[in-house]
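In what follows, a structure is listed as structure tokens, so that the remarks can point back to it.
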Amino acid sequence: MRTLYERVGGQPFFDRLVERFYDGVAKDPLLRHMYPDDLSDPKQHLAHFLGQYWGGPPTYSEERGHPRLRMRHVPFVIGLAERDAWLEHMVGAVETSGADGDAQRELTEYFEMASRNLINSR
């Protein structure tokens with residue numbers, strides 16, 4: 001069975017997905033302060049993480065080690081509002097990605113689960 005990474009066309013898909021996601025984040029006053037002024041590194045990290053997660057090469061782990069998502073997000077106050085804003089931008093990026101319906105559902109389900117697990121504030 002082909003991985004989602006293969007089905008969507010590999011790393012270029014995730015690079016474009018992350019670009020669209022960060023277009024929203026860059027304009028979002030609830031989220032923007034959580035990111036550095038230069039979004040280049042966060043974009044690269046997220047794109048590599050997603051590519052690896054969905055079956056691509058282990059570039060993220062080779063560059064950054066184990067993902068430790070929860071630990072990496074502890075410094076940020078992430079409540080339901082922040083989670084919802086993040087998810088809105090990511091789902092919007094997925095919906096405009098050109099991926100087929102099955103891939104969009106898989107991606108969205110993952111992002112819903114992962115974003116719930118990063119909530120650390122009420």
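The values are calculated or read from the model by the stated rules, or taken from the named source; none is laboratory data. If you're wondering where the values come from, they're calculated on a predicted model, not measured in any experiment. In this analysis, Cβ positions are derived from the backbone assuming ideal geometry, glycine residues included, and neighbour counts consider all displayed protein chains. Quick note on the areas: whole protein, heavy atoms, side chains included, nothing else; ligands and nucleic acids left out. Shrake-Rupley method; radii C 1.70, N 1.55, O 1.52, S 1.80 Å.
If Lys and Arg each add +1 and Asp and Glu each add -1, what is the summed charge of the other residues whose beta carbon sits under 13 Å from the beta carbon of residue 103?
Net charge in that neighbourhood comes out at -3.
With θ taken as phi - 60° and the coefficients 6.51, -1.76 and 1.60, list the Karplus ³J(HN,Hα) couplings across the stretch 89-94 in order, rounded to whole Hz; mark glycine and proline as x.
These are the phi-based 3J(HN,Hα) values: 5, 5, 5, x, 5, 5 Hz.
How much FRET efficiency would the formula 1/(1 + (r/R0)^6) give for residue 77 and residue 23, where r is the Cβ-Cβ distance and R0 is 22 Å, rounded to 0.05?
FRET efficiency, residue 77 to residue 23: 0.40.
With charges set only on the Cβ (+1 for Lys and Arg, -1 for Asp and Glu), what does the dipole of the chain come to about its Cα centre, in debye to the nearest 20?
380 debye
In the P(r) worked out for the stretch 51-122, what percent of Cα pairs fall beyond 14 Å?
Value for the stretch 51-122 (Cα pairs over 14 Å): 66 percent.
Given Cα positions, please report Rg to Rh for the chain, the hydrodynamic radius being the Kirkwood one.
Here the Rg-to-Rh quotient is 0.94.
Restricting to DSSP H runs of at least four residues, report the calculated mean residue ellipticity at 222 nm for the chain, -39500 (n - 2.57) per run over all residues, nearest 500 deg cm²/dmol.
Details: 7 runs with 77 residues, N = 122.
Taken over the chain, the calculation gives -19000 deg cm²/dmol.
For the chain, with all protein chains present and a 1.4 Å probe, just round the carbon and sulfur fraction of the accessible area to a whole percent.
Within the chain, the accessible surface is 53 percent carbon and sulfur.
In the stretch 83-122, which residues have a backbone nitrogen under 19 Å from the label point lying 7 Å from residue 70's Cα in the Cα-to-Cβ direction?
83-84, 110-122, by backbone N distance to the label point.
For residue 5, what is the net charge nearby, where nearby means another residue's Cβ is under 13 Å from its Cβ and Lys, Arg count +1, Asp, Glu -1?
-1
So with the 1.4 Å probe, I'd like the accessible area per residue for the chain, rounded to whole Å². Let's see the in-between values first.
Details: 7040 Å² over 122 residues.
Normalised by residue count, the accessible surface of the chain is 58 Å².
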